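Working notes, structure below.
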Amino acid sequence: MFKPSAPAHNFHCREFKPSFSRFPSNTMPAIAKRSLELNDDEVMAVKSENAPEAVGSAGNSTPQRRKLRSSSSPMKLSPISKPMKLGSPRRRLSACANSSANGIEKYFSQKKVQTFCKSVEKSVDKPKWDPKDVKQISEAKEALHVSTVPSTVSCREDEQKRVLEFCKACIEQEKAASLYICGCPGTGKSLSIEKVKQALVDWAGEAGFQEPDVLALNCSSLTKTSDIFSKILGKDQPPKKVKSTTSALQLLQNLYSQKPQTSRRKMALIIADELDFLITKDRAVLHDLFMLTTYPFSRCILIGVANAIDLADRFLPRLQSLNCKPMVITFRAYNVEQIIRILQERLMTLPHTVFQPQALELCARKVAAASGDMRKALCICRSAIEILEAELKESNDNLNSSPVVDAFFEQQMAPAPVVKKPEIDIVKIGHMAAALSKTYKSPVVDTVQCLPQHQQIILCSAVKLFRRKKKDSTVTELNKSYIDICKSTLIPPVGVFEFSSMCRVLSDQGLLKLGGQCRDEKSKRVTLNVDEADITFALQVRTHI
């Protein structure tokens, strides 16, 4: 039995010069060539791997470096040798692994890592849910509901940080300013602003500043557009009797134009959501609202939220001339990875696995290609759960439809081997495809799904051809792409004349566009006349259902 030897002195590998007289002469060139090809780290790795074999084979004629370095008589340094250069701790650790004990420790450490990874995987895995359980279905639908506010707003950390830093600077400097937040619907604008509002109040209390008075309102709920000034006035100062001839806007302008009587008046944070409802013909309300932040004694931090990206440029041109144009932060549409991450974080709160991963990916890809609206993705996932629920209900009704007939056949027929039908215990890609088809119903999708197989392959080849090349091509190039797809799917292609006639049929249906005055059908220019995303979605739905 092998016993680990005592650790040798920490000599560098280059300082040891063993004699090669005992090596066979024919092996020397190969060894030299191999050593020249490897760098120092690779040589050390090869030596550490071959160490146990070298120690175990005592009868081998080749002298092993481990045996020499672990001998009882320590080697002496050559007087002409250079000073030893210490590498990084990681390299020194690997270089010093010259005993079998180190190899055993490395083996068991790897075993521990593998065992730990397996235990983590087991702990992360969740059991599949029971879609027949009403409580579990309601919990899944509630987790995916639009009104359910998550604890954190994912994929919007940068935007929230910019808004929060803007508000902090205004409070620290006691300076009024305006901010305009824009983006497509369902990109997390309102939810992010709500989180920023709470974070700002908490920060002001911790930093020793006065907490700002917060007024959050939805402009779509106002009876008149000018009512917003009354809301701001009521928040800025206590209500009092005023003359009917003085409007709320004039009172605010006078208030922000005069020096306040108290030395420390609170800052006012005004969040106006759906700001585009304030757009009028003369744009006076919108202009006067942003002008409130330009008065010398104004303490107003105005944050406007709307969908239009160019609202400030189109409707507030005078603000730019007065050098008081609001700062703009754009919330871009969610991409595929962000949609999948948000859906998974919402589903993490559930104790069961509800969706097949491919189903979530299909939903994310379609929504990201269409609009990037996260609310639409949540609604589609809820619709997929409802489709699964209806499917289970229908299967149960079919099983319990005719108990008398089933009993008769059980008595008359001999018992046959029971083939157990796999239970549906998860929302699969077919349910998600049906929910997507229900949401994004379009005549193009229906037309593509009803086409014969070879016409669908022609559309597939057109999408593939135009995705990697220019927007249009010839019928000949489209035919080559069509033949390639047929060969890859083991489907016999049609002839050239039949291919040309099918292209004309697709052109008559408005799916393809044939151009050019050439008499030769092969030389005509062809291009897609519909969106390639509709074709891709239609064929995905047909494949997965």
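Quick look at the numbers
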| quantity | calculated |
| --- | --- |
| Long-range HN-HN contacts of residue 280 with modeled amide H, under 5 Å | 285, 286 |
| Relative contact order computed over segment 274-401 (Cα-Cα under 8 Å; 6+ residues apart), in percent | 19 percent |
| Cβ-placed point charges (K, R +1; D, E -1), dipole of segment 443-541 about Cα centre in debye, nearest 20 | 460 debye |
| Exposure ranking of 483, 380 by accessible area [1.4 Å probe, largest first] | 483, 380 |
| Area accessible to solvent at residue 484, 1.4 Å probe radius, in Å² | 80 Å² |
| Segment 246-286: trypsin sites (Lys or Arg not before Pro) in DSSP loop, at most 11 other beta carbons within 10 Å | 264, 281 |
| Out-of-range pairs (alpha-carbon distance over 23 Å; input 393/438; 441/480; 141/393; 325/376; 168/376; 464/487) | 441/480; 325/376; 168/376 |
| Of 175/197; 195/428; 224/281; 132/366; 175/266, pairs whose Cα-Cα distance is over 22 Å | 195/428; 132/366 |
| Residues with amide H under 5 Å from that of residue 355, placed H, sequence gap 5 or more | 427 |
| Selection of trypsin sites (Lys or Arg not before Pro), segment 457-516, meeting DSSP coil and at most 13 other Cβ within 10 Å | 469, 470, 471 |
| Charge context of residue 367, other residues only, Cβ under 10 angstrom, K/R +1, D/E -1 | +3 |
| Nitroxide proxy distance, nm - points 7 Å out along Cα→Cβ at residue 191 and residue 246 | 4.5 nm |
| Distant-in-sequence amide H partners of residue 331 (H built 1.01 Å from N, under 5 Å) | 182, 183 |
| Heavy-atom surface of segment 443-541, accessible at 1.4 Å and reported per residue (Å²) | 55 Å² |
| 3J(HN,Hα) from dihedral phi, segment 169-185, Karplus parametrisation 6.51/-1.76/1.60, rounded to Hz, x for glycine, proline | 4, 5, 6, 5, 8, 6, 10, 7, 7, 10, 9, 10, 10, 10, x, 5, x |
| Per residue solvent-accessible surface (Å²) - segment 189-339, probe of 1.4 Å | 55 Å² |
| Under 15 Å, Cβ to Cβ, from residue 321 - net charge with Lys/Arg +1 and Asp/Glu -1 | +3 |
| Burial ranking of peptide ranges 429-440, 194-205 (average Cβ count within 10 Å, highest at the top) | 429-440, 194-205 |
| Cα→Cβ-extended label distance, 7 Å offset, between residue 386 and residue 231, nm | 3.1 nm |
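The values are calculated or read from the model by the stated rules, or taken from the named source; none is laboratory data. In this text, all values refer to a predicted model and were calculated from it rather than measured experimentally. Cβ: placed from backbone, ideal geometry, glycine included. Neighbour counts: every protein chain shown. In case anyone asks, the SASA skips ligands and DNA or RNA and just uses the protein heavy atoms, side chains included. Shrake-Rupley method; radii C 1.70, N 1.55, O 1.52, S 1.80 Å.
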